[in-house]
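Here's the structure we're looking at; comments come further down.
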Amino acid sequence: MNHSEPEVVCPSCQKRSELHNTITAQSNQNIIFACPYCGYEKRNIETSKG
């Protein structure tokens, strides 16, 4: 069985990367997305938890 990781698409360069390579969850509920290809970064992403 091959359980592949969910992939995300960078809004800047459109390249795909596995979720664990791009998302960082901080202890204060902030989520950071960072593209390993082009370096695009988005901070303080809203989540359903707040």
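Values for this structure:
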item	result
Dipole magnitude of the chain about its Cα centre (Cβ charges: Lys, Arg +1; Asp, Glu -1), debye to nearest 20	120
Residue-averaged 222 nm ellipticity for the chain, from DSSP H runs of 4+ at -39500 (n - 2.57), nearest 500	-1000 deg cm²/dmol
Accessible carbon and sulfur surface of the chain relative to its total accessible area, %, 1.4 Å	45
Whole-Å semi-axes of the chain's equivalent ellipsoid (Cα gyration tensor)	19, 16, 9
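The values are calculated or read from the model by the stated rules, or taken from the named source; none is laboratory data. Computed from a predicted model, the values in this text were never measured in an experiment. Cβ coordinates were reconstructed from backbone atoms using ideal geometry, including for glycine residues, and neighbour counts include every protein chain displayed. Remember, those area values only see protein heavy atoms, side chains included, never the ligands or the DNA or RNA. Shrake-Rupley method; radii C 1.70, N 1.55, O 1.52, S 1.80 Å.
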